[in-house]
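Participant: Before we start, here is the structure in question, set down as structure tokens.
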Amino acid sequence: MPSYHYASKSELKEAIHASYLLLDGEYKEVDENQKDIRISEVDKTPTEIIAYQLGWLHLVMSWDRDEKEGKDVIMPAPNYKWTGSNPKWPMARWIHINSVAPFKTFRAKIRKWKKYNALH
């Protein structure tokens, strides 16, 4: 079963929250004065990683609010349905690949950033 299949919206929210907590734990060791340091071995700074995730989470929260209000859930691009009628791309899959999955990827990037930052 694909990793983006969730039994309910609550289960998806729990997956996002659990992934967030793991990433947040990695930030406890990042000095506030060093969070913008660019390391050539990592493509994003800790600040850029957080900015990316906050942007997606804001979008997810907006979609959730719009859905609760009975509005169409659309992509930011004008006149483009977010999931359309393609059953292979349900909303949960879009949210998963742009929130849960990056939390996991970014956790590895933060660990790598900390490792190389300590060497400099």
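Read the figures in this text as sums done on the coordinates, not as results from a lab. What you are looking at is a predicted structure, and each value in this text was computed from that prediction instead of being measured. Because the Cβ atoms are built from the backbone with ideal geometry, glycine has one as well, and the counts that use them run over all protein chains shown.
Participant: Under a plain spin-label model, where a point goes 7 Å from the Cα along Cα-to-Cβ, how far apart in nm are Glu11 and Lys88?
Facilitator: It is 2.3 nm.
Participant: Each label point is 7 Å from the Cα along the Cα-to-Cβ direction; what then is the distance between the points at Thr105 and Arg65, in nm?
Facilitator: 2.7 nm
Participant: Taking 24 Å as the cut-off for C-alpha to C-alpha distance, list the pairs among Lys9/Lys112; Lys35/Lys112; Lys35/Lys115; Lys35/Lys104; Lys9/Lys114; Lys28/Lys109 that go past it.
Facilitator: Lys9/Lys112; Lys9/Lys114
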